Amino acid sequence: MEFFKGDKGDKVDKVYKVKQITSLYETCNGCGLPIINCICDKSPKVSTRAQFWILSSEREFYRPSNTARLIKLINPDSTEIFQWERTKIPTELIKNIDMEDYTTFVVFPAENEELEKRKVQFELTKKIPAFIILDGTWKEARKIFRKCDFLKSLPIVSIEQNYASDYDLRKGAAEGNLCTIEAAIEILKMNGELDSSQDMDDYYKLFLENYKAGVSGHKVRR
């Protein structure tokens, strides 16, 4: 399975080979784990009303610790991944934003007074909610947010979590921030899709377990 693969107009126009986390085993391009711990066949399948439009830095396509690919594995019909490029507008994503069927939000913390004015309290409506999640390190996500003029007119939804992130696969992760799949899990809760949220959370925990075992070349026994 290969999820970071070309969409016309957004230049994800090649297959990106995920880097190995251990020299002992090749990496699965679907889940990002060493092939001995591949969990692609363990993925629950959900189809959520909430749409996830993930705007990703190219570096994420190579990182085995990326969690956006897990959202696509679990929720393929309601998840699209777009590549962000500094010199190119993601035309397919903008087409989505312009569609009348959707109410589109950017998932981002309201960290200053200007952003606080754009922050809205999410409420269920007849329109389909679509959430743009910026996928990358915190530094990369901030850069994407700052550089994308087409995001500046969209309302912001901020996730107010009351727990610490379980994501500890990268050094220097910003304290208090959620990773991409954790953000998606919280969004599903906000949208009242609790069963799908739980399925995604369970799969995420399975990924963390298998990733940490895979770093040392160990197979998870069941």
May I ask you to compute the full-extension gain from residue 163 to residue 26, defined as 0.36 nm times their residue separation minus their alpha-carbon distance, rounded to one decimal in nm?
45.9 nm
In whole angstrom, note down how far apart the Cα centers of the stretch 19-41 and the stretch 106-125 are.
37
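Calculated from DSSP H runs of 4 or more alone, at -39500 (n - 2.57) each and per residue, what is the 222 nm mean residue ellipticity of the chain, nearest 500?
Details: 6 runs with 64 residues, N = 222.
Helix-only estimate at 222 nm: -8500 deg cm²/dmol.
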I'm spelling it out carefully: the read-out is mean projected area of the Cα convex hull in nm², the candidates are [x] 14.1; [y] 12.2; [z] 13.3, and one was derived from this structure. Which label?
[y]
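A 32 angstrom limit on the alpha carbon distance is what I want to check against. Which of 19/127; 152/212; 139/205; 95/126 exceed it? Before the final figure, lay out each step's value.
Numbers: 19/127 39 Å; 152/212 38 Å; 139/205 25 Å; 95/126 20 Å.
From the list (19/127; 152/212; 139/205; 95/126), the Cα-Cα distance tops 32 Å for 19/127; 152/212.
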Mind listing the phi-derived Karplus ³J(HN,Hα) values for the stretch 134-142, rounded to whole Hz, using 6.51, -1.76 and 1.60 with θ = phi - 60°, and x for any glycine or proline?
8, 9, x, 5, 4, 5, 5, 5, 4
Residues whose modelled amide H sits under 5 Å from the amide H of residue 26, counting only those 5 or more places away in sequence or on another chain, are 35
Summed side-chain charge close to residue 124 - residues other than residue 124 whose Cβ falls under 11 Å, Lys, Arg +1, Asp, Glu -1
+1
Distance from the stretch 62-103 to the stretch 145-218 (C-alpha centre basis), Å
15
Please work out whether the stretch 163-222 counts as rounded, prolate or oblate from its C-alpha gyration tensor, where a ≥ b ≥ c are the square roots of the eigenvalues and a/c under 1.5 means rounded, while otherwise a/b larger than b/c means prolate and anything else oblate?
oblate
In what sequence do 47, 65, 57 fall when counting other Cβ within 10 Å, fewest first?
47, 65, 57
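With a 10 Å Cβ neighbour count serving as the proxy for reagent exposure, in which order, fewest first, do 221, 146 appear? Walk me through the numbers on the way to the answer.
On the way: 221 5, 146 10.
By the 10 Å Cβ count, ascending: 221, 146.
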Nonlocal amide H pairs with residue 85, under 5 Å, H built at 1.01 Å
none
Applied in sequence order to the stretch 64-71, the curve 6.51 cos²θ - 1.76 cosθ + 1.60 (Karplus, θ = phi - 60°) yields integer Hz couplings, x standing for Gly and Pro, of x, 7, 5, 10, 4, 5, 5, 4
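Give a quick list of trypsin sites (Lys or Arg not before Pro) in the stretch 51-96 that DSSP marks as loop, anything other than H, G, I, E or B, with at most 16 other Cβ atoms within 10 Å. Mind dumping the intermediate values first?
Working: sites: 59, 69, 72, 86, 88, 95; in loops: 86.
Hits after loop and neighbour filter: 86.
I need the shape label for the stretch 112-201. Rule: rounded when a/c is under 1.5, else prolate if a/b > b/c, else oblate, with a, b, c from the alpha carbon gyration tensor. It would help to have the intermediate numbers written out before the result.
Working: a/c = 1.77, a/b = 1.01, b/c = 1.75.
Oblate, since a/c reaches 1.5 and b/c is not below a/b.
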List 53, 138, 84 from most exposed to least, where exposure is judged by having the fewest other Cβ atoms within 10 Å.
138, 53, 84
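Any read-out appearing in this document is the output of simple, stated calculations on the displayed coordinates, not a laboratory observation. Computed from a predicted model, the values in this text were never measured in an experiment. All Cβ positions, even for glycine, are placed from backbone atoms using ideal geometry, and neighbour counts span all protein chains on display.
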